[in-house]
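Student: Following this message is one structure expressed as structure tokens.
Read-outs: derived from the displayed coordinates by stated rules, not from any lab. It should be emphasised that the depicted structure is a prediction, and the values quoted were computed from it without experimental measurement.
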Amino acid sequence: MTLTEGRRVRLADDTTLIDSLAPTDDSPTPPGAFAGSLLLAAGTEGTVEEVVEHLDEGAGVREYRRLTSLLDSFGRDMPTESKRRLEEQIADLEPEWIAHQRRGPLVTVRVRFDNGFVLDGVRQELFTSD
């Protein structure tokens, strides 16, 4: 399910948010000190304000795209040995390409809950929608 802006959603599970304190020049707080946590209960409702689809491509996926494009465009005119090497390189990268396709796009959302809290940059899978 891909969420859209303006859609009403609810948290699928209890969600705990934890943060650490950032030290300042005049603060005795050590770096990374635990600030506390906030628990948002499953079923907490809100509205999607922003949806961001991230490019989640590693170097192998980008190389697979580049090499298959090269083969599609120039493969019929390539010397036999060059074409064979290119096909081998593509075959070596194919498992990473298949895994990338199975994962699908990484989509994060910003949700403004009815209680005023805003949760930003979280995976859409945390939410359910009618």
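Student: Per 5 Å bin, what is the whole-percent P(r) computed from every C-alpha pair distance within the chain?
Tutor: Bins of 5 Å from zero give 2, 9, 14, 12, 10, 10, 10, 10, 8, 6, 5, 3, 2, 0 percent of pairs.
Student: If one takes the longest principal axis of the Cα atoms in the chain, at what angle in degrees, from 0 to 90 and to the nearest 10, does the Cα axis of helix 59-74 lie?
Tutor: With both axes taken from Cα atoms, the answer is about 30 degrees.
Student: 5 Å is the cut-off here: which amide hydrogens, built 1.01 Å from N in the peptide plane, fall below it relative to Val122, excluding neighbours closer than 5 in sequence?
Tutor: Here the answer is Val109, since their amide H atoms fall under 5 Å of that of Val122.
Student: Which angle between 0 and 90 degrees, to the nearest 10, do you get for helix 80-103 versus the longest principal axis of the chain when only C-alpha atoms count?
Tutor: Relative to the chain, helix 80-103 is tipped by roughly 20 degrees.
Student: Let me ask something else. Which whole-angstrom value gives the distance between the alpha carbon centres of region 50-66 and region 88-117?
Tutor: So the separation of the two Cα centres works out to 8 Å.
Student: Taking 0.36 nm per residue of separation and subtracting the Cα-Cα distance, what length does fully extending Asp56 through Ala91 add? Could the numbers behind the result be given before it?
Tutor: On the way: separation 35, 0.36 × 35 = 12.60 nm, distance 2.07 nm.
That works out to 10.5 nm of additional length.
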